[in-house]
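Read through the structure below, which is laid out as structure tokens, and then see the notes.
Computed from the coordinates by the stated procedures, all read-outs in this text should not be read as laboratory data. As the structure is a prediction and not an experimental result, all values here were calculated from the model. Because the Cβ atoms are built from the backbone with ideal geometry, glycine has one as well, and the counts that use them run over all protein chains shown.
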Amino acid sequence: MSLAGEQTGAVNECGCDGAVALAGSRSGDDRRNFVQSVDPGIRLLVCAVFCLVVVSLNSLAALSLALGIAALAVAAARQSLGTALRRMAALDGFMLMVLAMLPFSTPGEPLFSVAGLPASREGALLGTMILLKANVVVLMILALLSSMEPALLGRAMNRLRLPNKFVLLFLFTLRYIDVLGREYRRLRVAMKARGFRMRCDLHTWRSVGYLVGMLLVRSIERSERIVAAMRCRGFNGTFPALTENAPLSWRDGAFAGASVGVCLGLALVGIQ
Amino acid sequence: MSPELLRLSGVSFAYDRERPVLRGADFVLHAGERVAVTGPNGAGKTTFLHVMVGLAKPSAGTIEAFGKSRTSEGDFPEVRRRAGLLFQDADDQLFCPTVAEDVAFGPLNLGKSRAEAREITRRTLARLGLQGFEDRITYKLSGGQKRLVALAAVLAMEPEVLLLDEPTTALDTETEERMVDILNSLPQAMVIVSHDRDFLAKVANRWVRLENGALREAASA
Amino acid sequence: MSPELLRLSGVSFAYDRERPVLRGADFVLHAGERVAVTGPNGAGKTTFLHVMVGLAKPSAGTIEAFGKSRTSEGDFPEVRRRAGLLFQDADDQLFCPTVAEDVAFGPLNLGKSRAEAREITRRTLARLGLQGFEDRITYKLSGGQKRLVALAAVLAMEPEVLLLDEPTTALDTETEERMVDILNSLPQAMVIVSHDRDFLAKVANRWVRLENGALREAASA
Amino acid sequence: MAHIPDGVLSAPVLIAGAAVSLAGCGYALRRLDEERIPEVAILAAVFFVASLVHFPVGPTSVHLILNGLTGILLGWAAFPAIAVALLLQAVLFGFGGLVVLGVNIMNMAIPAVLCCYLFQAVAGNGANRQRVLWGAGLAGGLGVLLTAIMVAAVLTLSGREFFAAAKLVVVAHVPVALIEAAFSVAVIGLLSRVKPSLLGFQA
Ligand SMILES: Nc1ncnc2c1ncn2[C@@H]1O[C@H](COP(=O)(O)OP(=O)(O)OP(=O)(O)O)[C@@H](O)[C@H]1O
Ligand SMILES: Nc1ncnc2c1ncn2[C@@H]1O[C@H](COP(=O)(O)OP(=O)(O)OP(=O)(O)O)[C@@H](O)[C@H]1O
Ligand SMILES: [Mg+2]
Ligand SMILES: [Mg+2]
């Protein structure tokens, strides 16, 4: 149990650092590859359409093809293999269990049996397809969206005419995840220094409750200060429009065209 | 004497009634003055600056700014534009995704066009030695860089008075030197809250101490 | 010579590789010593204290504490219990809603029963002149009160060594006097980081300076 | 578990989920004052960070969902806040798919909004501390349970073969619900003592 606690600390740390590091790994990278030179809005749109098509596929062949395309995209975006594998493995443990149950819960032609329970061919096929779809989507998100600065994702949503308030909410959230992550880690260190260990008891739960509660209180006070800072700079209830979007270039057009072709092709092969 | 910019008379303020923070504080700022404000933690230095620009409403006393008496919320937007406040924590002040957007936020709110705002941003950043920072993501800056960008955001509004709340916390010695040079190169009147006497000695020409809810003139150390 | 409590040999540490903070630092603390640690901002004084209790892991060098070599995370909970660290920022240290709960947090972590923890809390608060503070809300205390409560929280763990990171920032002169009296009345060995030479002169009996990543003995000013 | 990956659910369920989430976010955003955006965003950030806290439960650990608490503090604004947090989790960590985002938002945000009303009904004006804590516990626990039930429902609606798994989802989340109930009591207990105005109570 205490092991889980220590591990927990590690998970937390990785978690927050992960968010920040993920965001950070790209800013310094000036060598922009082709994927990164495409307009964020187009990338977001293409990613959404591609995922939509993939989810509607129902042939193994087409899904394998899609997996190949997604893998190529990951390579083109120069995302590391390690990240890709880690993300593919990060499927919710619970969902894996759901999938593992499928062959036994789907009626059909028996394929094999475990402890007397027959596993159906149809169930196994269904499970495989779901697993493929989930991973194709994860890889495509990694290739097209995770490869951009999250703040650019805000710009992309703005380009796609998502409501201004939503985009602002997104950008503000992004900004303060970093600040709070740091505050959270400082408090965790202070708790550790006073002998705190994650255990499975009331004292642990209450303490973590206090930790999150204190984080909340400080955060609310911070948000009050932010509004004050905004007022000091002439804020009068409406945000000035975000920076205007750059005009689309031939690259964007080419990328969009090629993607539409790929999606159509997949749909032709795989939707029966 | 040079013209009077800000005047607080008998100002009282309390966040909760039992523990008043300011109790009849008086203060006058003239053009050309660079006032160092010292005082123990929790004395109300930050509150004092906030009261001056109407972010905290005093329960008693009067505030005059730029020749007019200021009482209602409607009077203060103008004060906030003309008296730029640098917050104690730069993380509170930088809320736009990129440096350029953050610095341009003020000018855009003041009705400047996009092109003008971009030009002001470029000029202000260059002045603070932050050329090329335009597209940096604000939350990835170091503590010292955040401070300088926050200062740029304040200066971009071209204020007549600067209210600086602990401008040197989170600065390494090198950036602190730069901050001293920058402040000394600026023409504005300033109120500078700080615990760092060495720093204050390099920039201030008048000293004030905030204690027990009131301000009194002090010797330079 | 009195027994050795802590020993750091050739300790190096860096948050990021280009800018090492500690470079082969050596330090020994004996019983009865009250070591003043000074050094410029950002020299690594806070880091040095964190390394001693295993909150920052050195990249090279060894740490001995209370007669044993300490390397893995599993070795340090005991060190943290026996060497109480007062954080530079009291706000980081106080996270429970009331003073009593915060002071009792350490003893409860050490496996004390609720009744014992309550008794320890009462006694520790009384010792620091904070009787009647039990039910005050921690985050509404003044800066100085927060410091004293944070100190109480450390003392409640009955440590054998005190590591104090700038115990007097945020203190007004009166509370600072009280802090001096309290520290002088405590029997523990101490490492005291501070910029305030007057304060250090009243409590320390050995001086050390941290500069360029290493510690060296220094004259008393 | 609240993060359903892509590929599992059927088209009608996906469309319904997207429609509900769009409507919910749209309504909430229209009610949301621009001055309140920093506050909502910061709370969304807190919940993003807090959902990375893993709790030891017996031999394994679970992570907090916290939608009950989000609801108590944000009311309808929980919809866009949860939407932002889930979008970020999908992009930054690959948790949850893209096409199912609508369903995932719905599964967490509807319980959140319900919990807000539940908390207000139970806690009243905050004068009675017992009632505040009960409200917090109920909202915290029900937030998780309702989410689990909704996950189970969308699974079952997508295919009868998921029914067994759906039952398991609900059962497995009973302990998580209990933990979040206790946890919410601790947090709301702290807030009502330290900053009651946050809960809409008089100090
Ligand atoms: N939002 C608030 N609500 C309630 N009390 C507050 C609030 N902000 C500050 N206070 C209290 O008011 C007092 C004065 O605070 P203020 O921040 O003005 O002090 P300060 O002189 O700037 O201190 P420091 O040197 O620590 O920045 C403190 O006791 C503080 O705890
Ligand atoms: N969490 C961190 N991540 C990266 N760098 C850090 C971190 N904490 C401190 N540093 C850097 O390490 C160096 C040493 O910091 P440290 O806090 O130990 O200095 P200090 O001597 O305590 O300074 P001060 O007198 O300002 O408290 C500084 O340059 C600081 O910027
Ligand atoms: Mg202040
Ligand atoms: Mg320090």
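Quick check on B:LEU171: is it within 17 Å of the chain's Cα centre (by Cα), crowded, with 23+ Cβ neighbours inside 10 Å and within 10 Å of another protein chain (Cβ to nearest Cβ)? Against the criterion (within 17 Å of the chain's Cα centre (by Cα), crowded, with 23+ Cβ neighbours inside 10 Å and within 10 Å of another protein chain (Cβ to nearest Cβ)), B:LEU171 qualifies. The listed residues are A:ARG186, A:ARG161, and the only one of them that is more than 10 Å from chain D (Cβ to nearest Cβ) and either crowded, with 22+ Cβ neighbours inside 10 Å or not in a helix (DSSP H, G or I) (or both) turns out to be A:ARG161.
Only helices (runs of 4 or more DSSP H) whose full extent lies in segment C:47-139 are considered here, and the ones with at least 1 residues that are at negative phi, within 16 Å of ligand 2 (Cβ to nearest atom) and in contact with a helix residue (DSSP H, G or I) (Cβ under 7 Å, 6 or more places away or on another chain) are C:90-93. Among the residues of segment A:131-158, which ones are outside any helix (DSSP H, G or I) and of a type in the set (D, E, K, R)? Within segment A:131-158, just A:GLU149 meets the criteria.
Within segment C:48-80, the residues that satisfy the criterion of being touching a residue at least 24 places away in the same chain (Cβ under 8 Å) and of a type in the set (Val, Ile, Thr) are C:VAL51, C:VAL53, C:THR62, C:ILE63, C:VAL79. In segment D:64-94, the qualifying residues are those that are assigned to a loop (DSSP other than H, G, I, E, B) and more than 7 Å from chain A (Cβ to nearest Cβ), and the one that is nearest to A:VAL208 (Cα to Cα) is D:LEU64.
Within segment C:21-63, the residues that satisfy the criterion of being touching an Asp or Glu at 6+ places or on another chain (Cβ under 9 Å) and surrounded by fewer than 16 Cβ atoms within 10 Å (Cβ to Cβ) are C:VAL28, C:HIS30, C:ALA31, C:PRO40, C:ASN41, C:LYS57. Is at least one residue of segment A:204-212 more than 16 Å from C:ASP102 (Cα to Cα) and within 9 Å of chain D (Cβ to nearest Cβ)? No, because not a single residue in segment A:204-212 is more than 16 Å from C:ASP102 (Cα to Cα) and within 9 Å of chain D (Cβ to nearest Cβ). Scanning segment D:163-190 for residues that are without any contact (Cβ under 8 Å) to a residue 40 or more places away in the chain and more than 16 Å from A:LEU202 (Cα to Cα) returns D:PHE163, D:ALA164, D:ALA165, D:ALA166, D:LYS167, D:LEU168, D:VAL170, D:VAL171, D:VAL174. Taken over segment D:17-44, residues that are without any contact (Cβ under 8 Å) to a residue 24 or more places away in the chain and small (Gly, Ala, Ser) amount to 2. All of (1) in contact (Cβ under 8 Å) with a residue 12 or more places away in the chain; (2) under 21 Å from A:HIS203 (Cα atoms); (3) facing chain A (nearest Cβ under 7 Å) hold for D:LEU198 with one exception: (2). Across segment B:185-204, the qualifying residues are those that are within 16 Å of ligand 3 (Cβ to nearest atom) and under 15 Å from B:PRO40 (Cα atoms), and the one among them that is farthest from the other protein chains (Cβ to nearest Cβ) is B:ILE192.
The set of residues in segment C:184-221 being touching a Ser or Thr at 6+ places or on another chain (Cβ under 8 Å) and β-branched (Val, Ile, Thr) consists of C:VAL193, C:VAL208. Scanning segment D:180-195 for residues that are at the interface with chain A (Cβ under 9 Å from one of its Cβ atoms) and either surrounded by fewer than 23 Cβ atoms within 10 Å (Cβ to Cβ) or more than 25 Å from D:THR70 (Cβ to Cβ) (or both) turns up D:ALA182, D:GLY189, D:VAL194, D:LYS195.
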